[in-house]
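The values are calculated or read from the model by the stated rules, or taken from the named source; none is laboratory data. The model shown is predicted, which means the values in this text are computed figures rather than measured ones. In this analysis, Cβ positions are derived from the backbone assuming ideal geometry, glycine residues included, and neighbour counts consider all displayed protein chains. To get the accessible areas, we keep the full protein, side chains included, count just its heavy atoms, and leave off ligands, DNA and RNA. Shrake-Rupley method; radii C 1.70, N 1.55, O 1.52, S 1.80 Å.
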Amino acid sequence: MLLQAAKYVGAGAAAIGLAGAGAGIGIVFGALILGISRNPSLKDEMFRMAILGFALTEAIALFVLMIVFLLLFAV
């Protein structure tokens, strides 16, 4: 019973990282909008960098989700 409770608490604490990933994605695309509004001629290059930043941030979110599931369902 105590081990099961500890798993739930650990998984909940690890899931907080998903909120950080969501905030990171918002920061990436907010910076993209700000950068395009300041220098529209670099739109294509900034968009490529924003997609790279999105992919790396989303990868962190997937790693966090993997850790949560490992905590919940591992023996």
1.4 Å probe accessible area per residue over the chain, in Å²: 73
Between helix 2-38 and the chain, what is the angle of the helix's C-alpha long axis to the longest principal axis, kept within 0 to 90° and rounded to the nearest 10? 0
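Compute the FRET efficiency between A55 and A19 as 1/(1 + (r/R0)^6), taking r as their Cβ-Cβ distance and R0 = 22 Å, and round to the nearest 0.05. Could you put the intermediate results ahead of the total?
Working: r = 19 Å, r/R0 = 0.86.
The calculated FRET efficiency here is 0.70.
Extension gain R38-M66, at 0.36 nm per residue separation less the Cα-Cα distance, in nm? Write out the running numbers ahead of the final one.
Details: separation 28, 0.36 × 28 = 10.08 nm, distance 3.83 nm.
So the chain would gain 6.3 nm between R38 and M66.
Go ahead and estimate [θ] at 222 nm for the chain from helices alone: -39,500 (n - 2.57) per DSSP H run with n ≥ 4, summed, over the residue count, rounded to 500.
Here the helix-only value at 222 nm equals -33000 deg cm²/dmol.
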Accessible carbon and sulfur surface of the chain relative to its total accessible area, %, 1.4 Å: 79
Contact order normalised by residue count of the chain, Cα under 8 Å, 6+ apart, percent: 53
For the chain, compute Rg over Rh where Rg is the Cα radius of gyration and Rh is the Kirkwood radius from the inverse mean 1/r over Cα pairs. 1.24
Distance in nm between pseudo-label sites at A31 and V9 (7 Å out along the Cβ direction from Cα): 3.6
